[in-house]
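Trainee: Pasting a structure here, questions to come.
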Ligand code: IDC
């Protein structure tokens, strides 16, 4: 095996851990956080954007080379987020097949790597509310992935999607204080994304008491038909005060994932994200019958979609990705 290929990554072990020569990931390499800005291996600002999968236990069909190729070439995106629910139906810690789910994550990383895309490994805390509920599983999962892919420069670790309910910033912090050093034992420079209470809206609490680690960004999630000026103002204040913010999930509809899209508010969000060059990921890549999904219900294609395969959300966000440019 070519030692440059590094880890014993299954499936994609032939591809270089930083992606094919000339690819986006090969050009930008290992990322780091400089003040509030995500930067590439040359110290230049870099912006990641693309689609989030839906729960991979429910929609495994979109973990495919051709799906990601279409997202790269036809949707003009440079990164994919892999959403692994911890505690919804058949989640990693709630009855799902751990090995199968981990294999799906590995395949997703391998396809992204072969395509020269960055990839976010998202431990999708939601129903569990407090990430400490399944902390042991999270530690086991992140230990496995970060050790297998220790030489990859294209992985970002999102350690808790959306703490909510009774979860406090202190409980998130104590979770992060265990998970981050464990990932860093294997991959000392990996960029790590951290959520905050109230479904990753309370970034002001993180700003008031940031984690002690470097190369960390704080996620802010919005759903445009629900979250408007207040949350935008919070984002702006935090970034202006130097907080590194990363929008690892958003929707154009309301926070239930349904209801109508509000493209006026969504456009305001996009303008703000453009102004600060903040990374952004749309929820979600699936054909479920809900507004947030970018494929029409009934569309069975997993790649090379025609305009008519896309939902209203899909048509809008694809245009937005293309307009963003690389
Ligand atoms: C929603 C899905 C829906 C699923 C539900 C599970 O769209 O199909 O049944 O989760 O509880 C989030 C979450 C994300 C939600 C999404 C829409 O991160 O998992 O997905 N949302 O409700 N935060 C705000 C909205």
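Trainee: Identify, from the list 308, 303, 313, the residue that is part of a helix (DSSP H, G or I) and either more than 16 Å from the ligand (Cβ to nearest atom) or out of contact with any strand residue (DSSP E or B) (no Cβ under 9 Å at 6 or more places or on another chain) (or both).
Mentor: 308
Trainee: Among (1) within 16 Å of the ligand (Cβ to nearest atom); (2) closer than 23 Å to residue 46 by Cα; (3) free of Cβ contacts under 8 Å to residues at least 40 places away in the same chain, where does residue 180 come up short?
Mentor: Of everything listed in (1) within 16 Å of the ligand (Cβ to nearest atom); (2) closer than 23 Å to residue 46 by Cα; (3) free of Cβ contacts under 8 Å to residues at least 40 places away in the same chain, residue 180 misses just condition (1).
Trainee: Determine, yes or no, whether residue 104 is surrounded by fewer than 24 Cβ atoms within 10 Å (Cβ to Cβ), touching a helix residue (DSSP H, G or I) at 6+ places or on another chain (Cβ under 6 Å) and under 20 Å from residue 145 (Cα atoms).
Mentor: So residue 104 passes the test.
Trainee: Of the conditions (1) within 19 Å of the chain's Cα centre (by Cα); (2) at pLDDT 95 or above; (3) over 23 Å from residue 298 (Cα atoms), residue 18 fails just one. Which one is it?
Mentor: (2)
Each row is one residue, and each column tells you yes or no for (1) closer than 19 Å to residue 200 by Cβ; (2) without any contact (Cβ under 8 Å) to a residue 24 or more places away in the chain; (3) surrounded by fewer than 15 Cβ atoms within 10 Å (Cβ to Cβ).
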{"residue": "224", "(1), (2), (3)": "yes, no, no"}
{"residue": "234", "(1), (2), (3)": "yes, no, no"}
{"residue": "241", "(1), (2), (3)": "yes, no, yes"}
{"residue": "246", "(1), (2), (3)": "yes, no, no"}
{"residue": "263", "(1), (2), (3)": "no, no, no"}
{"residue": "279", "(1), (2), (3)": "yes, no, no"}
{"residue": "292", "(1), (2), (3)": "yes, no, no"}
{"residue": "300", "(1), (2), (3)": "no, yes, yes"}
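Trainee: Looking only at the range 84-102, decide whether some residue is touching a strand residue (DSSP E or B) at 6+ places or on another chain (Cβ under 7 Å), more than 16 Å from the ligand (Cβ to nearest atom) and on the phi < 0 side of the Ramachandran plot.
Mentor: No; the residues of the range 84-102 include none that is touching a strand residue (DSSP E or B) at 6+ places or on another chain (Cβ under 7 Å), more than 16 Å from the ligand (Cβ to nearest atom) and on the phi < 0 side of the Ramachandran plot.
Trainee: Only helices (runs of 4 or more DSSP H) wholly contained in the range 51-154 count here; list those with 2 or more residues that are modelled with pLDDT under 95 and more than 19 Å from residue 283 (Cα to Cα).
Mentor: No helices (runs of 4 or more DSSP H) qualify here.
Trainee: If you don't mind, another one. Taking the range 48-69 only, how many residues are more than 16 Å from the ligand (Cβ to nearest atom) and surrounded by fewer than 18 Cβ atoms within 10 Å (Cβ to Cβ)?
Mentor: Result for the range 48-69: 4.
Trainee: Inside the range 34-50, can you point out the residues that are in contact (Cβ under 8 Å) with a residue 40 or more places away in the chain, over 16 Å from the mean Cα position of the chain (by Cα) and not in a loop (DSSP other than H, G, I, E, B)?
Mentor: 37, 45 - these are the residues of the range 34-50 that are in contact (Cβ under 8 Å) with a residue 40 or more places away in the chain, over 16 Å from the mean Cα position of the chain (by Cα) and not in a loop (DSSP other than H, G, I, E, B).
Trainee: Given the structure, is residue 325 within 21 Å of residue 71 (Cα to Cα), under 20 Å from the mean Cα position of the chain (by Cα), more than 14 Å from the ligand (Cβ to nearest atom) and at pLDDT below 95?
Mentor: In short, yes.
The values are calculated or read from the model by the stated rules, or taken from the named source; none is laboratory data. Just so it is clear, the structure is predicted and the values come from calculations on it, not from any experiment. All Cβ positions, glycine included, derive from the backbone under ideal geometry; neighbour counts span all protein chains shown.
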